[in-house]
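The values are calculated or read from the model by the stated rules, or taken from the named source; none is laboratory data. No experiment lies behind these values; they were computed from the predicted model shown. Here the Cβ positions follow ideal geometry from the backbone for every residue, glycine too, while neighbour counts run over all protein chains shown.
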Amino acid sequence: MVIRKQGALGIGSVPARVQWSTTLATSSGNIYQLKIVLQDSKPPIWRRLLVDSAITLQTLHQILQIAMGWQDVHLHQFAAGHAYYGQPDPEWDVEELVDEARVRLDEVLTQQQSTMRYEYDFGDGWRHKITLEHIVPHDPQRLLPICLKGKGACPPEDVGGVWGYERFLEALKDPEHEEHEEFMDWIDGDFDPDVFELEAVNAELRAAFGG
């Protein structure tokens, strides 16, 4: 595990999404169908995406933030085998970290059913399993990236990881729970763990990546 400095965000904060570079290089790759599963989540949370295989891992990170529903206010990293990829910071890295901006997705996932890991927020430890389900030839007419399907709402930022999220949902369901009112105030009384808005996700992907 690469240990890096942790960003901070106060409970209840809802920041504007970080502004990313949205320039995508002309593709020389294929189309990858990826399934992203938030590990140990109850209820299940997952997304299925089509992306250009020639994108960098940095761009994949940006796509995942939108598709999953995160706000990109914490650190992250990818891992495949014994290799780690992210945003290098010599002052804080304790292991060699490959610059994600210099690595293409198809250099890491090379064949169908190959997998990698994506961790977001080292404090809460949101771990995602990314599986390359299918590879199809590049189609210049195909709008990419695009989310095909998904299930489950994104947990609130800073809720405490999967176990904190379970406690959060239990408290919302039970008006007698000691944390019910605190959590209701935190989310303004509006959260449905079963809602996934596919059209809204794809609209944001189009806005971010010029589709």
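Just a few scattered comments:
- Scan of the range 143-159 for residues that are charged (D, E, K, R) and in a strand (DSSP E or B), ordered by number: K149, K151
- Under the condition of being under 27 Å from E133 (Cβ atoms), at pLDDT below 85 and in contact with a strand residue (DSSP E or B) (Cβ under 8 Å, 6 or more places away or on another chain), the residues counted in the range 3-58 number 3.
Every residue, every condition in (1) basic (K, R); (2) touching a residue at least 12 places away in the same chain (Cβ under 8 Å), yes or no:
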residue: R142; (1), (2): yes, yes
residue: L148; (1), (2): no, yes
residue: V162; (1), (2): no, yes
residue: E166; (1), (2): no, yes
residue: L169; (1), (2): no, yes
residue: D174; (1), (2): no, no
residue: G189; (1), (2): no, no
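- Reported count of residues in the range 52-86, each being touching a residue at least 24 places away in the same chain (Cβ under 8 Å) and not in a strand (DSSP E or B), is 22.
- Qualifying residue in the range 110-123 (condition: under 14 Å from the mean Cα position of the chain (by Cα) and farther than 27 Å from N30 by Cβ): yes
- Residue satisfying all of: in the range 124-164; closer than 22 Å to P193 by Cα and more than 15 Å from the chain's Cα centre (by Cα); surrounded by the most Cβ atoms within 10 Å (Cβ to Cβ) among these: V159
- Within the range 170-195, the set of residues being surrounded by 17 or more Cβ atoms within 10 Å (Cβ to Cβ), part of a helix (DSSP H, G or I) and of a type outside the set (F, W, Y) comprises A171, L172.
- Within the range 105-129, residues that are in a strand (DSSP E or B) reach partners that are among the acidic types (D, E) with beta carbons closer than 6 Å, at six or more positions or on different chains, in the pairs R127/E119.
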